[in-house]
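A.B. asks: First the structure, which I've put down as structure tokens, then a few questions once you've had a look.
The values are calculated or read from the model by the stated rules, or taken from the named source; none is laboratory data. The structure displayed is predicted, hence computed values, not measured ones. Positions of Cβ are generated from backbone atoms using ideal geometry, with glycine treated the same way; all protein chains shown enter the neighbour counts. Protein only, heavy atoms only, side chains kept; ligands, DNA and RNA dropped before computing areas. Shrake-Rupley method; radii C 1.70, N 1.55, O 1.52, S 1.80 Å.
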Amino acid sequence: MAYRNPGSQPNQPGWRVRVVPNKFPALEPAGELNPLIGDLYQSLNGFGLHEVIIECPHAETNLARLTLDNIREVLSAYQDRMKAIRNEARLVHVTLFKNNGVRAGASLPHSHSQLIASPVVPVTIVEEIAAARAFYDSRQHSIFDELIRQERLTGERIFFESDRFIAFCPYASRFPYETCLLPKRQQSHYENLQPDDLTDLAYILKTVLCKLDQGLSNPPYNYVIHTAPFNEPELPWYRWHLEIFPRLTSVAGFEWGSGFYINPVFPETAARQLRDTVI
């Protein structure tokens with residue numbers, strides 16, 4: 001898939017954003033699932049899709065430095081690929097992510113992100129949906145609405161808002177300057193975003209990445225979009241969101257052994273610094 005300038009030809013110059021298969025895929029769209037279920041262990045074949053979203057045609061390493069229109073087209077490409085992939089009945093979920101910098105796992109410097117479509121829902125998404133459903137059943141309203149309400153009570157961890165999104169450093173953040181971009185309006189599936197949503201998302205994502213770029217001297221980072229599975233209807237208790245993890249510290253033995261994270265920067269301190277970073 002490619003967004004191209006008028007009059008340009010496929011696989012020729014003139015593209016602005018394009019999507020290609022990953023040369024070294026984690027999952028491949030060939031074969032059958034062949035589930036193997038034993039007394040203790042179970043497995044599936046490595047069936048799925050692994051694609052690379054090339055975010056611009058020129059030599060740029062930093063998404064924050066692309067234009068708003070360019071970033072919007074990147075976010076739109078995510079959506080278009082998800083809409084196409086959901087027609088494959090065996091694929092139930094898409095993980096969209098970006099590795100920026102060698103320390104964040106990027107093997108190529110050119111600005112790009114990746115998409116992995118899988119036949120099973122990732123454990124992280126299963127746990128988020130289950131916890132959100134439990135809160136909704138007990139309180140009769142969304143945990144995400146409550147999260148926004150609680151963060152606004154003090155405003156200490158919020159560092160930027162747009163018309164449709166809020167950017168904050170989560171309570172008890174695992175990593176320094178960890179950031180969540182959360183929609184203000186309920187929507188569980190990223191692929192169902194409206195055009196105005198994409199425009200505003202491009203604006204707040206560029207702003208947040210510029211603040212991280214300038215405030216932290218272009219740090220390596222990962223970001224990932226959490227979204228509901230294709231085979232679920234609109235979920236009133238779950239909301240898609242985007243998480244950003246600057247890679248300023250390492251996960252080591254204590255974190256692996258305990259599940260606790262040592263974060264040397266309070267989220268309130270991180271949010272204040274990002275709030276004060278002028279771009």
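A.B. asks: Hey, what's the chain come to in accessible area per residue, 1.4 Å probe, Å²?
C.D. replies: Numbers: 14150 Å² over 279 residues.
Per-residue accessible area for the chain comes out at 51 Å².
A.B. asks: Right, something else. Determine, from the Cβ-Cβ distance of residue 67 and residue 36 and an R0 of 41 Å, the FRET efficiency 1/(1 + (r/R0)^6), rounded to the nearest 0.05.
C.D. replies: Numbers: r = 48 Å, r/R0 = 1.18.
Computed FRET efficiency for residue 67 and residue 36: 0.25.
A.B. asks: Which cross-chain or sequence-distant (5 or more) residues have an amide H under 5 Å from the amide H of residue 17, H modelled 1.01 Å from N in plane?
C.D. replies: Answer set, sorted by chain and number: 3.
A.B. asks: How would the range 58-113 be classified by its alpha-carbon gyration tensor: rounded, prolate or oblate, with rounded meaning a/c under 1.5 and the a/b versus b/c comparison settling the rest?
C.D. replies: Values: a/c = 3.34, a/b = 1.57, b/c = 2.13.
Taking the square roots of the gyration eigenvalues as a ≥ b ≥ c, the range 58-113 is oblate.
A.B. asks: What is the spin-label model distance, in nm, from residue 139 to residue 24 if the labels are put 7 Å beyond Cα along the C-beta direction?
C.D. replies: According to this spin-label approximation, the distance is 4.3 nm.
A.B. asks: By the gyration tensor of its Cα atoms, with a ≥ b ≥ c the square roots of the eigenvalues, what is the shape of the range 146-197: rounded for a/c under 1.5, prolate for a/b over b/c, or oblate? Walk me through the numbers on the way to the answer.
C.D. replies: Details: a/c = 2.12, a/b = 1.69, b/c = 1.26.
Prolate shape, in that a/c is at least 1.5 and a/b is the bigger ratio.
A.B. asks: Can you pull the one-decimal nm distance between simple spin-label points at residue 171 and residue 269, each 7 Å off the Cα toward Cβ?
C.D. replies: My value for the distance between the label points is 2.0 nm.
A.B. asks: Then there's this: Taking the Cα centre of the range 123-279 as origin, sum charge times position over the Cβ atoms of Lys and Arg (+1) and Asp and Glu (-1), and report the length of that vector in debye to the nearest 20. Spell out each step's value before the answer.
C.D. replies: On the way: 15 positive and 21 negative charges, 69 e Å.
Its charge dipole is roughly 320 debye.
A.B. asks: Calculate what fraction, in whole %, of the accessible area of the chain sits on carbon and sulfur atoms when a 1.4 Å probe is rolled over the protein chains. Write down the numbers at each step before the final one.
C.D. replies: Working: 7860 of 14150 Å².
Carbon plus sulfur share of accessible area: 56 percent.
A.B. asks: May I pose another question? Based on the alpha-carbon gyration tensor of the range 228-279 and its eigenvalue square roots a ≥ b ≥ c, which shape applies: rounded if a/c is under 1.5, prolate if not and a/b is larger than b/c, or oblate?
C.D. replies: Values: a/c = 2.89, a/b = 1.32, b/c = 2.19.
Oblate is the answer for the range 228-279, as a/c is 1.5 or above yet b/c matches or exceeds a/b.
A.B. asks: Still on this structure, please answer the following. Long-range amide H contacts for residue 241: which residues qualify at under 5 Å (H placed 1.01 Å from N, peptide plane, sequence gap of 5 or more or a different chain)?
C.D. replies: Distant-sequence amide H within range of residue 241: 226.
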